[in-house]
1. Can you go through GLU154, GLU158, GLU140 and tell me which one is surrounded by 11 or more Cβ atoms within 10 Å (Cβ to Cβ), modelled with pLDDT under 90, under 40 Å from the mean Cα position of the chain (by Cα) and not hydroxyl-bearing (Ser, Thr, Tyr)?
2. Tell me which of these SER119 doesn't satisfy, since it passes every other one: (1) at pLDDT below 85; (2) part of a helix (DSSP H, G or I); (3) surrounded by 10 or more Cβ atoms within 10 Å (Cβ to Cβ); (4) not acidic (Asp, Glu).
3. Quick check, is LYS252 surrounded by 12 or more Cβ atoms within 10 Å (Cβ to Cβ), charged (D, E, K, R) and within 30 Å of GLU140 (Cα to Cα)?
4. Could you identify the single residue in ALA292, ALA265 that is of a type in the set (A, V, I, L, M) and either exposed (fewer than 10 other Cβ atoms within 10 Å of the Cβ) or closer than 30 Å to GLU140 by Cβ (or both)?
5. Mind counting the residues in segment 77-98 that are surrounded by 10 or more Cβ atoms within 10 Å (Cβ to Cβ) and among the aromatic types (Phe, Trp, Tyr)?
6. Suppose the filter is at pLDDT 85 or above, surrounded by 11 or more Cβ atoms within 10 Å (Cβ to Cβ) and assigned to a helix (DSSP H, G or I); does ARG173 pass it?
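The values are calculated or read from the model by the stated rules, or taken from the named source; none is laboratory data. Quick caveat: nothing in here was measured; it's all calculated off a predicted structure. Ideal geometry is used to build each Cβ from the backbone, glycine not excepted, and the neighbour counts take in all protein chains shown.
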Amino acid sequence: MSRFLATAKERLQRGLRFGQMLIHNTGPQQMAAKKATPPKTGTQPPPKSAKPPKCPGGDKDMKRKPGFFASGGQHAVLSDCPKPDGDFMRAWSAKNGRYNLILISGILAAGGSLGFALSSGALCLNWVLPEYPYTEDEMEDFEIEEERRREEKEAREERHQDAVEARELGIRRRRAKEAMEREVELMQRDMDGGITESELNELQRLAAEREAFELWEKEEIKRLEEQEKEREKIRKEKAKVRAERDKEREKKRKEKEAQLEKEEAEREKKREKARKEREKAEKEKQKEKEKAEKEAEKAKKAAGY
């Protein structure tokens, strides 16, 4: 295993050295130095009036060998990167102006199309849902169902209010009972051996609270009785209104049934009349046919057949 790792490390180092040598030999400075060195054959240098040599890749018309970059090497260097040319702000402004022109033209075209569609009536928008054509009986059933739901809601609210009031009354009665027990205890101690000034003040406060609670309890019971009477009155009025509504509805139903029976009787009369007229027409047609047959028979006899 160690021999394999040593061999791989040696190959990697050899590859790195080869790459560094290749980049060093193909760089722009090395290429320029190679071209600037005079030949060893003893030839004379070019005269001063001769044109300086062109940079590798400078002439666009010159065809490069396949696999070579503009700098002359097989590997890209910094000189092969594209160079910015011209004014950036001018190019950016021209491109942005073209994009803005396309955006504005699109918005105008969309607005014009929508305006033309609305003005020509080609686009009909239903902003609200149309009412469904319910009958009078269905609308009345809806009203009755809505009233029933409202009555159920009111009954739930009344039960909740009664529960809250009963809870409050129970709490205050329990507190009054505890205060009365404390008051009885203080009065018994006062009768036995006397009480202190603070206990006397507490006894007076408890007596005042007991009287206030008794007064509030009487008023609360009276209010609850009046409230129950008012509710009972409202229930009777609603029952009366409901009975009148049911009576009126039953009356309308009977009138409607009578009207339907009357219309059905009239239609039956019309059908009977039409049937009689049709039978009469058939009889007349049969008579004409028999008459025509008799005349034909008479004519045949007269002709000697």
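1. Details: GLU154 fails: modelled with pLDDT under 90; GLU158 fails: modelled with pLDDT under 90.
Answer to the check: GLU140.
2. With respect to (1) at pLDDT below 85; (2) part of a helix (DSSP H, G or I); (3) surrounded by 10 or more Cβ atoms within 10 Å (Cβ to Cβ); (4) not acidic (Asp, Glu), SER119 is out only on (3).
3. Working: surrounded by 12 or more Cβ atoms within 10 Å (Cβ to Cβ): yes; charged (D, E, K, R): yes; within 30 Å of GLU140 (Cα to Cα): yes.
Answer is yes for this residue.
4. Working: ALA292 fails: either exposed (fewer than 10 other Cβ atoms within 10 Å of the Cβ) or closer than 30 Å to GLU140 by Cβ (or both).
Exactly one of ALA292, ALA265 is of a type in the set (A, V, I, L, M) and either exposed (fewer than 10 other Cβ atoms within 10 Å of the Cβ) or closer than 30 Å to GLU140 by Cβ (or both), namely ALA265.
5. 1
6. On the way: at pLDDT 85 or above: yes; surrounded by 11 or more Cβ atoms within 10 Å (Cβ to Cβ): yes; assigned to a helix (DSSP H, G or I): yes.
The answer is yes for ARG173.
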